[in-house]
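One structure is given below, encoded as structure tokens.
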């Protein structure tokens, strides 16, 4: 195997029936020297945070609505300033755009900006859209996946750690890595 | 909750996606019927564009009729989604899980339907464009930013966009589930694209939970603003019976009353039509009925305030309007029916546990509420306009025409068809949310009793 091939990263996915087995796999992977950022738990149902001993997911989602609200307010104000400048209505020196009458639209603009940025934030922080990596439809039926991204030379270590935690199956992009006798139905 | 959802995950997946992947015969019959009614509505709309508003029963001085009444009504129904979904999500009420998606979807389609009524009301739909967009600068035609005609679309557009985004973000895990379960390669590709590659990593689930709470908190103020602004369509005028400071909270609570009732109606229909008996239980409608008792009573309080403020100032035009509403035919009969169906029968019945836990009686009472609430909007809109001002020389009564009834039927069909098609294409119950509830649920022993103990998510 060339040096460049051994440096290439690959994803393995272990499938487990029980949350305890998945947590055990995470511990074994950590023990084998894999970092927290390389390990992901995949499930069809949300589990309480820390159920698998995984790291606390840091995020900045709360910043997005504030940024969006500021942008939305700015756009709404600009729209009204534009209307004030552009409308050739004779109003005897009174403003075309009176403050009490525009508060509603400023408010809606602010809230719309906040919501849209929050949605962008959700997608960004969830790392979506994403080409699905190694995945198995059995996860939808309740199996729990433990995914690990490892350099090619460390793949055997990762596979051993995943299998020893009572894996139902271990998959790579090319298919199952477990021998047919070892893989549970 | 005494009746937890206890089906295993495989059964939950199968039952929740069953309607998406199957084609029952009644689906074709129902969509065909709804399609025929919608087509009738489109024909009436076409005739309206050719012949104008003479097709409606307007008579001077009444130029606001069924379209405006229905606009307010459907905006009100649209408040169901956010009331049920966002408030219960923020309150972390466990029983919300099977209810939220249907409520949000009802919001989307009733809001989209409501948006069509101002366009129909104008009689010349293309003219509504320059109320909103300054496209005709050369002729000096401008939108008036001080007008409710600008506030309303701004609020409704914000609410609709936010609700669609809210539903879509919450749908991602279920779209991924549909992607994994569907056999058809085209379906797999479509669900795959829509799910954006959602896999269900711990990070994605955590962001989902936070997003649910964050978006709920953001949409709630929008929900309040939308119906407040709808009420200001009336309250910022000087029409007797409309010019009232209590209108905003009165409209909002009325919207919640009719909206949550509509959610109960829809849930009961879903339970039988989509085979969701394992997921929509007596506890759900019991909980919603208790909520409705409070909501209905607060709404009655605001109705009484509106009445009292109308009389307290002894303004002759205002007193005349109330006299017309309550003491003159046909308004007396309408007022009696609306109070009986909107409050007395349903709330009186919901005080009994046996009614709250009976699907048929809950269906009937919640339908009655919406009949009452529709009549309430009719009573708000029309009598205020039916008055002789100083310079009113021509005076007639408003009598809704067959065309208006046809449009109402078509719009109702549109909401039902929208809901049905959504349910056919996408899971109408949040499968991941329901299964999460099962994971987090456990029982603890207190003395000799075993009671449900639930860990909160997020």
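Contour minus end-to-end for residue A:57 and residue A:152, with contour as 0.36 nm per residue of separation and end-to-end as the Cα-Cα distance?
31.6 nm
I'd like the orientation of helix B:25-51 relative to chain B: the angle between its Cα long axis and the longest Cα principal axis, in ° from 0 to 90, rounded to 10.
20
Rounded, prolate or oblate, given the Cα gyration tensor of chain A, with a/c below 1.5 counting as rounded?
Prolate.
Output the relative contact order of segment B:9-454, whole-number percent, from Cα pairs under 8 angstrom with separation of 6+ residues.
Relative contact order here is 30 percent.
Per DSSP helix of 4 or more residues, -39500 (n - 2.57); summed, then divided by the residues of chain A. What does that give at 222 nm, rounded to the nearest 500?
Computed ellipticity for chain A at 222 nm equals -14000 deg cm²/dmol.
How tilted is helix B:66-82 with respect to the longest principal axis of chain B? Cα atoms for both, answer in degrees (0 to 90, nearest 10).
Tilt relative to chain B: about 30 degrees.
Rg and Dmax in Å for segment A:95-169, alpha carbons only: what are they?
24.3, 76
Give the Debye-formula value of log10 I(q)/I(0) at each listed q (0.12, 0.15 Å⁻¹), with one equal scatterer per alpha carbon of segment B:167-259, two decimals each.
-0.61, -0.71
If each DSSP helix of 4+ residues adds -39,500 (n - 2.57) and the sum is divided by the residues in chain B, what number results at 222 nm, nearest 500 deg cm²/dmol?
-23000 deg cm²/dmol
How large is the Rg to Rh ratio of segment A:63-125 when both quantities use alpha carbon positions and Rh follows Kirkwood?
1.16
Report the Stokes-Einstein translational diffusion coefficient (µm² s⁻¹, integer) for segment B:268-317, Rh taken as the Kirkwood radius over Cα pairs, at 4 °C with viscosity 1.567 mPa s.
Estimated diffusion coefficient is 93 µm²/s.
Using all alpha carbons of the protein assembly as shown, what is the percent of pairwise distances in each 20 Å bin, ordered from the shortest bin to the longest?
In order of increasing distance, the bins hold 17, 46, 28, 9, 1 percent.
Fully extended, how many nm does the chain gain between residue B:237 and residue B:305 (0.36 nm per residue separation, minus their Cα-Cα distance)?
22.6 nm
Within 10 Å of each Cβ in A:105-117, how many Cβ atoms from other chains are there, averaged over the peptide?
Partner-chain Cβ atoms within 10 Å, mean over residues of A:105-117: 6.
By how many degrees, 0 to 90 and rounded to 10, does the Cα axis of helix A:99-125 deviate from the longest principal axis of chain A?
The answer is roughly 10 degrees.
Please give the average number of partner chain Cβ atoms lying within 10 Å of the Cβ of each residue in A:52-62, rounded to a whole number.
3
Taking only the alpha carbons of segment B:9-454, what extent do you get along each of the three principal axes, in Å, biggest first?
Answer, in whole Å and largest first: 73, 59, 40 Å.
Could you give the semi-axes, largest first, of the ellipsoid that matches segment B:234-309, computed as the square roots of 5 times the alpha carbon gyration tensor eigenvalues and rounded to whole Å?
For segment B:234-309, the ellipsoid semi-axes come out as 34, 13, 6 Å.
Averaged over A:34-45, how many beta carbons belonging to a partner chain fall within 10 Å of each residue's beta carbon?
5
No lab work stands behind these numbers, since they all come straight from the coordinates. Since the structure is predicted, the reported quantities are computational estimates derived from the model, not experimental observations. Because the Cβ atoms are built from the backbone with ideal geometry, glycine has one as well, and the counts that use them run over all protein chains shown.
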